[in-house]
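Engineer: Before we start, here is the structure in question, set down as structure tokens.
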Amino acid sequence: MKSIEMHIHSFSLRFQFKYRSDFDVFTYIALAKDRGFTGVNISANGPGYRDLGGTTPQHFANVRACLQEHHMACEIDTSDTRPDNLQKMLLVASQVGAERLRVYTKYEAPLSEQMDWTVRDLKAIAPEAERLGITIVFENHEDFQGAVISRILEKVNHPRIKALYDYGNSQMVGEDPMHALRAMQPYIDAVHVKDHVILKSEGQIWVQGVPMGQGLLPIMEQTQALYDGGLRRFCFENVWGYAARLKADCLPTSAPFSLDHHHGFLNGAQLKESEALDQEWQAFESGWQWYQRALESQRFIVERQ
């Protein structure tokens with residue numbers, strides 16, 4: 001058997017966080033434990049630190065205590081590589097007991113300048129990450145192809161600065177997901193497991209999130225390749241209702257970019273609250289059940305804490 005850890009990302013339940021008064025970071029941690037996950041990834045972007053749900057040292061201490069009570073590991077997200085932001089978020093990560101901090105660039109500039117600025121930022125913050133014992137994982141979000149991520153990390157050249165490989169984000173820049181995986185693999189320390197389709201709507205080409213198992217990403221091929229490369233911690237991310245425009249000049253011809261599927265365009269944020277809540281929950285439950293069956297069929301076993 002192939003033993004792995006399995007986190008869940010808070011984006012999986014973003015409408016539960018947004019619309020329900022009875023759902024918060026503590027509910028989320030308990031739910032994750034109940035569903036058999038071994039850790040949580042928490043979006044901490046924006047005012048109030050989003051799904052983390054608070055900004056005070058006491059709140060961070062309460063989250064840490066909840067994680068310890070449920071024997072859950074933790075990673076948190078931010079989305080700006082500038083050192084002042086990473087300095088602040090590393091301290092938040094340290095207070096809640098997170099082991100990794102996810103980041104991606106937000107620079108608007110030509111590619112070479114984005115790369116240079118990102119290398120500068122990550123080099124500057126690496127000593128603080130080392131001091132706190134937290135690994136910063138730089139994600140292929142919606143801007144860089146896999147080889148660019150690897151070139152950035154090669155230049156940074158620090159053991160506390162690694163890559164986060166997202167199973168589907170390379171599609172936004174017109175790159176086949178397996179090509180991105182192979183390019184990034186020497187640096188991959190974390191992943192987001194999800195499912196996508198490509199579709200046309202109102203003259204635009206979109207990358208659309210769908211319940212896991214209902215899309216066109218080669219999920220188990222990706223999972224096996226990552227395992228063979230030494231990865232043992234995965235993160236399930238339900239991205240139902242998410243959509244992003246394709247940034248490439250043309251639509252690639254490989255299988256994950258096929259338009260031959262039954263899905264129509266859907267933006268969960270445009271639905272009524274009740275519909276978004278119900279459909280997201282169904283997608284979360286069905287997607288997690290599908291992935292567990294797929295893992296079991298290929299002799300993977302999720303460790304229990």
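The values are calculated or read from the model by the stated rules, or taken from the named source; none is laboratory data. From a predicted model like this one, the values you see are computed outputs, not experimental measurements. Every residue, glycine as well, gets a Cβ built from its backbone with ideal geometry; the counts of neighbours run over all protein chains shown.
Engineer: Here are some conditions: (1) in contact (Cβ under 8 Å) with a residue 24 or more places away in the chain; (2) over 23 Å from residue 143 (Cα atoms); (3) of a type outside the set (S, T, N, Q); (4) in a helix (DSSP H, G or I). Residue 31 meets all but one. Which one does it not meet?
Structural biologist: (1)
Engineer: Among the residues that make up region 263-280, is at least one of them among the aliphatic types (A, V, I, L, M), under 29 Å from residue 71 (Cβ atoms) and assigned to a helix (DSSP H, G or I)?
Structural biologist: In the first step, residues of region 263-280 are kept if they are among the aliphatic types (A, V, I, L, M); the result is 266, 269, 271, 276-277.
Now restrict to residues that are under 29 Å from residue 71 (Cβ atoms): 277.
Then drop every residue that is not assigned to a helix (DSSP H, G or I), which leaves 277.
Taking every residue of region 263-280 in turn, at least one turns out to be among the aliphatic types (A, V, I, L, M), under 29 Å from residue 71 (Cβ atoms) and assigned to a helix (DSSP H, G or I).
Engineer: Say whether the condition of being in a strand (DSSP E or B), out of contact with any Gly (no Cβ under 8 Å at 6 or more places or on another chain) and among the basic types (Lys, Arg) is met by at least one residue in region 138-152. Steps first, please.
Structural biologist: The first filter runs over region 138-152 and keeps only residues in a strand (DSSP E or B), leaving 138-139.
Now restrict to residues that are out of contact with any Gly (no Cβ under 8 Å at 6 or more places or on another chain): 138-139.
Within this subset, residues satisfying the condition of being among the basic types (Lys, Arg) are none.
Among the residues of region 138-152, not one is in a strand (DSSP E or B), out of contact with any Gly (no Cβ under 8 Å at 6 or more places or on another chain) and among the basic types (Lys, Arg), which makes the answer no.
Engineer: Considering region 83-103 alone, what residues qualify as being part of a loop (DSSP other than H, G, I, E, B) and either at pLDDT below 95 or crowded, with 19+ Cβ neighbours inside 10 Å (or both)?
Structural biologist: The first filter runs over region 83-103 and keeps only residues part of a loop (DSSP other than H, G, I, E, B), leaving 97-99.
Scanning region 83-103 gives a single hit, 98.
Engineer: Within region 167-198, count every residue that is in a strand (DSSP E or B), farther than 16 Å from residue 137 by Cβ and in contact with a Phe, Trp or Tyr (Cβ under 7 Å, 6 or more places away or on another chain).
Structural biologist: Of all residues in region 167-198, those in a strand (DSSP E or B) come to 188-193, 196-198.
Keeping just the survivors that are farther than 16 Å from residue 137 by Cβ gives 196-198.
Remaining after also requiring in contact with a Phe, Trp or Tyr (Cβ under 7 Å, 6 or more places away or on another chain): 198.
Number of matching residues: 1.
Engineer: What are the pairs, 6+ residues apart or on separate chains, where a residue within region 67-79 that is in contact (Cβ under 8 Å) with a residue 40 or more places away in the chain and farther than 17 Å from residue 55 by Cβ has its Cβ under 6 Å from a residue that is of a type in the set (Lys, Arg) and not in a helix (DSSP H, G or I)?
Structural biologist: Filtered contacts from region 67-79: 75/100.
Engineer: Taking the conditions exactly as written (surrounded by 15 or more Cβ atoms within 10 Å (Cβ to Cβ), in a helix (DSSP H, G or I), out of contact with any Phe, Trp or Tyr (no Cβ under 9 Å at 6 or more places or on another chain) and not β-branched (Val, Ile, Thr)), does residue 225 satisfy them or not? Spell out how you get there, then give the answer.
Structural biologist: Values: surrounded by 15 or more Cβ atoms within 10 Å (Cβ to Cβ): yes; in a helix (DSSP H, G or I): yes; out of contact with any Phe, Trp or Tyr (no Cβ under 9 Å at 6 or more places or on another chain): yes; not β-branched (Val, Ile, Thr): yes.
Yes.
Engineer: While we're looking at this one, here's another question. Which residues, taken from region 230-272, are hydroxyl-bearing (Ser, Thr, Tyr) and touching a His at 6+ places or on another chain (Cβ under 9 Å)?
Structural biologist: Once the filter is applied, which keeps residues that are hydroxyl-bearing (Ser, Thr, Tyr) and touching a His at 6+ places or on another chain (Cβ under 9 Å), region 230-272 yields 242, 254.
Engineer: When region 138-151 is examined, which residues are found to be surrounded by fewer than 22 Cβ atoms within 10 Å (Cβ to Cβ) and either over 15 Å from residue 79 (Cα atoms) or at pLDDT 95 or above (or both)? Break it down into steps so the answer makes sense when it comes.
Structural biologist: Step one: filter region 138-151 for residues surrounded by fewer than 22 Cβ atoms within 10 Å (Cβ to Cβ), giving 141-143, 145, 147-148, 150-151.
Passing the criteria: 145, 147, 148, 150, 151.
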